[in-house]
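To start, the structure under review is shown below, and the notes come after it.
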Amino acid sequence: MIYKRLLILTLFVSSLLVGLCACENTGTSAGETTLKFASPWEPKSLDPIVYGTTATLGITQPLIGVDSEGKLSPNLATSWDVSENGLTWTFHLRDNVLFHDGTPFTADAAKKSLERTFSKATEFTSVKTVPIESISAPDQETLVITTSRPFATLAGYLSKDAADILAESSFDEKNEVVAPVGTGPFKYDSWVPKEKMVAVKFDDYWGDKAKVDKVTYLCVPEEKTRESMLRAGEVDIIGTISPALSKVLAKDSDYAVCTKEEMGRVRHIMLNTKNPFLSDIKVRKAINIAVDRNLICKTILEGVDEPAGTPFSSDLYWANKNLEIPSYDPESAKSLLDEAGWKDTDNDGIREKDGKRLKFTLYTYTSRPELPTIAEALKDQLGKVGIDIEIIVDAAVLEQAKEGKVDMYLVSIGTLLNRDPDTWASYFLPDSAYFDCTNYSPEDVASLVNQGRETMNLEARKEIYDRLQEKIWEDVPVVYLSYYTGISATRANVHGYELSLIGEPHLENVYKE
Amino acid sequence: MWKLITRRILAALLTLSILSVFVFLLLYLVPGDPGERILQARMNGELPSSRDVIDVMKHDMGLDAPPQMLYLNWAKGIFHGDLGYSYITRRPAATILHESLQATAELVLVSLLMVVIFGLSLGMLAAWKEDSRIDDLLGYFAILGISIPSYVIAFVSILIFAVGLKILPVAGRNGILSMIMPSIALSIGGAAMLMRMTRYNMIEEMRQDYVLTARARGLSEWRIFTGHIFRNSLPPLVTYIGLELGGLFSGAIIVENIFAWPGIGRLLVDSVQSGDVPLVQACVLAIGVIFICTNILVDVLYTYIDPRIKPEGVL
């Protein structure tokens, strides 16, 4: 009796399962080349405002691109200019561009798409600060944007994924993206949330046409699994791998490894200049040369990331190339501290002055897993010159900073997130979210930041940010430690694959043998 | 029976409401201001350059209301199948949860089936052939199965069957073939454990007096073995299987990450890492509900398998 029932139950459950599994079975027709790309990042959304997978796959494109130096370059707009008063931006749009649905790319289409981008400001957080007054299309090749105050970073914002231009047929009646119809070399095909996004070659693309027929973007969170997929030949390219794995794969002729710096991402320590000890520039300078950047890069960061002395690496246009990376010099650091009056009187290895120990709290967080390890190394290195460090790992630093508890904050920040050095410079204004961590905004610095926001000429801006970098380099409110390098690997038969500064791999240039 | 079920469901509702309060409090237990956290979640752990964006964000998301109001709204939403929206993707948490649960259900049910089939049958075999060579061999396998962690089994099987022999896909959710390795990795430990328990319980039962009586009545050994011994040793095994369902869900967290299986385990890991609190709440609530339902089911099955167990006794 009971067996019969168990049997029925078993049969029921198994038939249910077969039903569940028997769905997908996609085949590839002969002669079609598919490029498979595995990345740890989920394809979170079809909407470039929410997440940039459509940009990664080359489905959607913005008006403005970013070149290999991190400078803005033409994309759907071939050029742009700003009026004398800095309030009116005119974008000259590329001719003969078709959306994937066959409709022409016009100024009207760009206007509608950008209006949506800016109206969804709450969801596209960083756009909140953009003072857009109006967007208009005087003719089909020209788009005019006016702002209520001079806003030099507008072009940078327009190069972000969130400002990618979508055709009207992308949206449902609620203005949500149902299928992204863009202008890129690949056309959207399908999306399975958390799993994959597929795009196919767009034959009427305005630029160099794609060399493969199909690209599949797969989300594979575990690195070891991505490696296995590459080895088993299930994918052609794997993104975001560790230095350790890259060394293993580089030795094998079946695979090729490519590296590229991530645009303007830098690990650094913010020093609270309001702290009575750190307000002494000699102490800050001593810290700056007491940290051994090369050792940290070679050991903890496994020799891939480069040491940093400024917010922008020397490959980038915005870098002030005259500024050198402070060299590791514990002896000079010691004499600087001596000069500042800090002496180790009780021979416990830590310096004192007026009965107070030279001790700081160093906050950091775990979502970037190497940071706590770097904090340990810093504690050791600063300990050697007589500075005591208490490491506190806490994700909620800002509240503590408001209360003045944070002396040092080890953090990783994208200094060109909005594709403009203002992203970095704005941290030195009092309304910045990070301000409480440095409390550093002397008048000349603040005025440079504001000048940078209002100056439209590229060379003039570059000069302003050069001066700002120099000022920060001299005053040391921040100790820059190291830049980031992205590593990917491909199978040896994959050619033309290059990492880009902003994480868009230009898969249209890639082909397989 | 119905009385039992109603009483259990009422108790479950109470447990659920307590659980919901705890799940809701997750929002406040995570360090930092909610507005700050949403922004960090959306900007990959970073903060906007301007501070007022944080307050605007909090206001837009309705998070500046007092906690008790937020809780009532959230709890009301649950009854309408509304679990809020993901901070990052703005998709409804209920939709995301549904997608993930479906993927996990496939995996967990197949694994549970494997645990039950292999655990019970091999356990019975070991008991039937007590102290034989087969019993020894199965015993070794069981110890291996229990002691090797699932991720080792997962990676070793990937190396052998996917990278080496190329007969199974490495990862992904693509039909039945892609399910074989993840479900084996997930179920081996539980199956081995159940096998040992089955063997032990059945051997215990074999020593009982009623077996002697049955033999005296002239019943066949097989009849005694399956009809009496097995049936009498079932209750603790059913409890274990019920618990194992929970174990499979927690095991899924590791296995889903390795095999890029888009289930609730991965959802939980991802949303904890990115600070997407509504999704964490949805996951924890769903896992809680599953545990509670499994417990009810196990209790009901008890009275079904062993009518001597009175419904009252269970409560």
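Data overview
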item: A:T216 vs. criteria closer than 30 Å to A:D81 by Cβ, polar (S, T, N, Q), open to solvent by less than 40 Å² (accessible area, probe 1.4 Å) and modelled with pLDDT of 90 or more; result: no
item: Residue match in region B:260-270 (condition: more than 14 Å from every other protein chain (Cβ to nearest Cβ) and not charged (D, E, K, R)); result: no
item: Helices (runs of 4 or more DSSP H) wholly inside region B:198-282 that include at least 1 residues being within 25 Å of A:L218 (Cβ to Cβ); result: B:231-258, B:264-274
item: Cβ-Cβ under 8 Å pairs, at least 6 apart or on other chains, region B:186-207 side closer than 16 Å to B:I153 by Cβ, far side β-branched (V, I, T) and open to solvent by less than 20 Å² (accessible area, probe 1.4 Å); result: B:L186/B:V108; B:L186/B:V255; B:S187/B:V115; B:G190/B:V115; B:A191/B:V115
item: Matching residues in region A:189-205 - criterion: being assigned to a loop (DSSP other than H, G, I, E, B) and within 13 Å of chain B (Cβ to nearest Cβ); result: A:P193, A:K194, A:E195
item: Count of region A:74-96 residues which are open to solvent by 50 Å² or more (accessible area, probe 1.4 Å) and among the aromatic types (F, W, Y); result: 1
item: Subset tally (residues that are touching a strand residue (DSSP E or B) at 6+ places or on another chain (Cβ under 6 Å), more than 26 Å from A:E331 (Cβ to Cβ) and without any contact (Cβ under 8 Å) to a residue 60 or more places away in the chain) for region A:369-381; result: 1
item: Elements of type helices (runs of 4 or more DSSP H) in region A:400-456, at least 2 residues being within 13 Å of chain B (Cβ to nearest Cβ) and within 18 Å of A:Y483 (Cα to Cα); result: A:422-425
item: Out of B:L159, B:L168, sole residue that is open to solvent by less than 30 Å² (accessible area, probe 1.4 Å), over 21 Å from B:E244 (Cβ atoms) and free of Cβ contacts under 8 Å to residues at least 40 places away in the same chain; result: B:L168
item: Selection count where residues are farther than 19 Å from A:E262 by Cβ, open to solvent by 10 Å² or more (accessible area, probe 1.4 Å) and without any contact (Cβ under 8 Å) to a residue 60 or more places away in the chain, scope region A:406-432; result: 3
item: Boolean, B:I296 is under 13 Å from the mean Cα position of the chain (by Cα) and either assigned to a helix (DSSP H, G or I) or without any contact (Cβ under 8 Å) to a residue 40 or more places away in the chain (or both); result: no
item: Given (1) within 15 Å of the chain's Cα centre (by Cα); (2) under 24 Å from B:A103 (Cα atoms); (3) surrounded by fewer than 20 Cβ atoms within 10 Å (Cβ to Cβ), index of the condition B:T239 fails; result: (2)
item: Qualifying residue in region A:434-452 (condition: among the hydrophobic types (A, V, I, L, M, F, W, C), at positive phi and surrounded by 18 or more Cβ atoms within 10 Å (Cβ to Cβ)); result: no
item: Looking only at region A:78-112, and only at residues there that are touching a helix residue (DSSP H, G or I) at 6+ places or on another chain (Cβ under 8 Å) and small (G, A, S), the one that is modelled with the highest pLDDT; result: A:A109
item: Qualifying residues in region B:86-103 (those that are in contact with a Phe, Trp or Tyr (Cβ under 7 Å, 6 or more places away or on another chain) and part of a helix (DSSP H, G or I)) - the one farthest from the other protein chains (Cβ to nearest Cβ); result: B:A93
item: Some residue of region A:368-391 being open to solvent by 30 Å² or more (accessible area, probe 1.4 Å) and in a loop (DSSP other than H, G, I, E, B); result: yes
item: Lone qualifier among A:G503, A:G486 - being touching an Asp or Glu at 6+ places or on another chain (Cβ under 6 Å), among the small types (G, A, S) and either at pLDDT below 90 or in a helix (DSSP H, G or I) (or both); result: A:G486
item: Hey, A:T259 farther than 30 Å from A:V66 by Cβ, open to solvent by 10 Å² or more (accessible area, probe 1.4 Å) and either of a type in the set (S, T, Y) or in contact with a Cys (Cβ under 8 Å, 6 or more places away or on another chain) (or both) or not; result: no
item: Restricting region A:32-43 to residues that are within 16 Å of A:G184 (Cβ to Cβ) and more than 17 Å from the chain's Cα centre (by Cα), the residue that is most open to solvent (accessible area, probe 1.4 Å); result: A:F37
item: Scope region A:44-73; condition under 16 Å from the mean Cα position of the chain (by Cα), within 13 Å of another protein chain (Cβ to nearest Cβ) and either open to solvent by 20 Å² or more (accessible area, probe 1.4 Å) or within 25 Å of A:D203 (Cα to Cα) (or both); matching residues; result: A:P48, A:V50, A:Y51, A:G52, A:T53
item: Residue that is farthest from the other protein chains (Cβ to nearest Cβ), among those in region B:171-187 that are open to solvent by 50 Å² or more (accessible area, probe 1.4 Å) and either among the aromatic types (F, W, Y) or in a helix (DSSP H, G or I) (or both); result: B:I184
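Conditions tested, residue by residue: (1) open to solvent by 20 Å² or more (accessible area, probe 1.4 Å); (2) more than 21 Å from A:E504 (Cα to Cα); (3) touching a Gly at 6+ places or on another chain (Cβ under 9 Å).
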{"site": "A:F99", "(1), (2), (3)": "no, no, yes"}
{"site": "A:F105", "(1), (2), (3)": "no, yes, no"}
{"site": "A:R116", "(1), (2), (3)": "no, yes, no"}
{"site": "A:S119", "(1), (2), (3)": "yes, yes, no"}
{"site": "A:Q140", "(1), (2), (3)": "yes, yes, no"}
{"site": "A:T147", "(1), (2), (3)": "no, yes, yes"}
{"site": "A:L158", "(1), (2), (3)": "no, no, no"}
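Condition check ((1) crowded, with 20+ Cβ neighbours inside 10 Å; (2) at pLDDT 90 or above) across all residues:
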residue: B:R199; (1), (2): yes, yes
residue: B:I203; (1), (2): no, yes
residue: B:E221; (1), (2): no, no
residue: B:G227; (1), (2): no, no
residue: B:R231; (1), (2): no, no
residue: B:E244; (1), (2): yes, no
residue: B:A260; (1), (2): yes, yes
residue: B:I264; (1), (2): yes, yes
residue: B:L267; (1), (2): yes, yes
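The values are calculated or read from the model by the stated rules, or taken from the named source; none is laboratory data. What you see is a predicted model, and the numbers here were worked out from it, not measured in a lab. In this analysis, Cβ positions are derived from the backbone assuming ideal geometry, glycine residues included, and neighbour counts consider all displayed protein chains. When the accessible area is computed, the model is the full protein with side chains, heavy atoms only, and any ligands, DNA or RNA have been set aside. Shrake-Rupley method; radii C 1.70, N 1.55, O 1.52, S 1.80 Å.
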